[in-house]
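In what follows, a single structure is set out as structure tokens and then discussed.
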Amino acid sequence: MNKQRTHIAILFIAIHATSCGDGVITFPVPDPAQVRIVNVTQNVPTVRVIFDSTIVVDAQRGKASNFAQVAAGRPIAFTLGSPSTVFRSNLRYTLGGNARVILFARGDTNGLVEFRREIQDTTIPSQSPNSVIRFTHMAENVDKAYFVEVWSNGTRLMAQDYEPGISSPAYTVLQPGTYSFEIREAGTTNVLATLKDVTITAARSYMLYTYDRQQQATDNITLDIF
């Protein structure tokens with residue numbers, strides 16, 4: 001009887017040992033994502049974003065940061081603020097592997113500073129002979145510039161009219177060369193902002209964007225590109 005009990009105990013231990021790993025699913029870790037911050041706020045000279053409590057990215061007003069590498073496949077905490085103040089600390093994003101995400105930081109510290117919805121950037125094959133460009137209208141103190149058109153080298157570049165907060169739904173192909181860009185009041189020849197002598201090189205994606213040149217100055221908008 002004791003031998004039988006000993007045999008059962010040994011058998012139980014063997015079964016338990018071999019089943020410890022059963023039912024365990026190991027998920028692959030996705031490649032990191034890339035995130036770029038663009039500061040189009042009204043009055044924050046330097047926007048500071050902290051990803052995952054450790055990665056710090058600064059963007060000067062009107063400018064875009066470089067891409068920062070951020071973990072993908074799990075919720076990441078985003079803290080939005082300035083070097084001295086936290087505006088938002090309750091933001092969470094789960095990014096896809098190899099995603100390239102553009103976040104425009106907008107608003108006013110007298111009200112709310114927040115991210116406009118995320119924009120998915122793209123990559124162009126290195127052997128591509130052309131480049132692509134999109135446009136985002138981020139000026140907010142606007143009247144005549146509420147609906148705008150995008151022109152380049154005397155030709156309308158994109159067929160859509162844009163209102164504040166709207167990005168072009170698709171990229172427009174550009175051949176390498178030197179371009180001047182104009183933002184016009186929709187339906188008129190009234191030029192509201194210009195960006196001259198921009199060199200477009202092959203195999204790159206570009207984002208053209210507006211923002212308010214001065215706080216609370218209606219239709220005083222400017223144009224930049226990255």
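Just so you know, all these numbers are worked out from the coordinates, no wet-lab data involved. Since this is a predicted model, take the numbers as computed values, not measurements. Ideal geometry is used to build each Cβ from the backbone, glycine not excepted, and the neighbour counts take in all protein chains shown.
Annotation for segment 81-149: trypsin sites (Lys or Arg not before Pro) lying in DSSP loop with at most 14 further Cβ atoms inside 10 Å of their Cβ are R117.
Calculated mean residue ellipticity, 222 nm, the chain: -2500 deg cm²/dmol, from DSSP H runs (n ≥ 4) at -39500 (n - 2.57) each, averaged per residue and rounded to 500. Ordering G187, T210, S152 by Cα displacement along the dipole of segment 123-226 toward the positive end leaves S152 in first place; charges were set at the Cβ atoms of Lys, Arg (+1) and Asp, Glu (-1). With Cα atoms defining each centre, segment 54-75 and segment 113-164 are spaced 21 Å apart in the structure. State the answer as a single residue: which of L112, P75, T85 lies farthest towards the positive end of the charge dipole of the chain, with beta carbon charges of +1 for Lys and Arg and -1 for Asp and Glu, about the Cα centre. So the residue furthest toward the plus end is P75. The local environment of L223, defined by Cβ-Cβ distances under 12 Å, has a net charge of 0 under the rule Lys, Arg +1 and Asp, Glu -1.
Ordered by the number of other Cβ atoms lying within 10 Å of each residue's own Cβ, fewest first, K63, K196 fall into the sequence K196, K63. About its Cα centre, the chain has a charge dipole of approximately 840 debye under the convention of +1 per Lys or Arg Cβ and -1 per Asp or Glu Cβ, with nothing else charged. In this Cβ point-charge picture (+1 for Lys and Arg, -1 for Asp and Glu), segment 123-226 has a dipole of about 380 debye about its Cα centre.
Put simply, when 64-70, 169-175 are sorted by average Cβ atoms within 10 angstrom per residue, most first, you get 64-70, 169-175. When you restrict to C-alpha pairs under 8 Å that are six or more residues apart and normalise by the size of the chain, the relative contact order lands at 16 percent.
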